[in-house]
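Reading through the structure tokens given below for one structure.
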Amino acid sequence: MNLEQLQQKLLAAARANPSSERVPYAFEKRILARLLESPSFDFSALWAQALWRAAAPCVALALLLSAWSLIGTGTNVATDNEELSRDFEQTMLAAVDETEEVW
């Protein structure tokens, strides 16, 4: 069905049924009863609110730690990498350097 035709049919049906000033029975009492009800406690909304409040400090902490790691403690990164590679190589080749077999 064409959407234009459907829209025209719905508008024609709405125009054919005029609105009335009549209010349903006990409408005011139902509305007031709903307003006076205590709202139910929503744990998921509370949890979501806490997570959203914690997001900003987490981002700030991540940026602070990133800046700290980039700035560093003033040591030379090249010498640190060389020392790390040397230590890694010694660790990996430690088993090969042993001349006698342990059996």
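The values are calculated or read from the model by the stated rules, or taken from the named source; none is laboratory data. Predicted model, so just to flag it, every value in this text is computed and none were measured. For neighbour counting, all protein chains shown are included, and Cβ atoms are generated from backbone atoms with ideal geometry for every residue, glycine included.
Pick from Ala50, Ala12, Ala26: which is among the small types (Gly, Ala, Ser) and at positive phi?
Values: Ala50 fails: at positive phi; Ala12 fails: at positive phi.
When all the criteria are applied, what remains is Ala26.
For (1) surrounded by 10 or more Cβ atoms within 10 Å (Cβ to Cβ); (2) in contact with a Cys (Cβ under 8 Å, 6 or more places away or on another chain); (3) modelled with pLDDT of 90 or more; (4) not β-branched (Val, Ile, Thr), each residue gets a yes or a no:
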position: Ser40; (1), (2), (3), (4): no, no, no, yes
position: Ala62; (1), (2), (3), (4): yes, no, yes, yes
position: Thr79; (1), (2), (3), (4): no, no, no, no
position: Leu84; (1), (2), (3), (4): yes, no, no, yes
position: Glu89; (1), (2), (3), (4): yes, no, no, yes
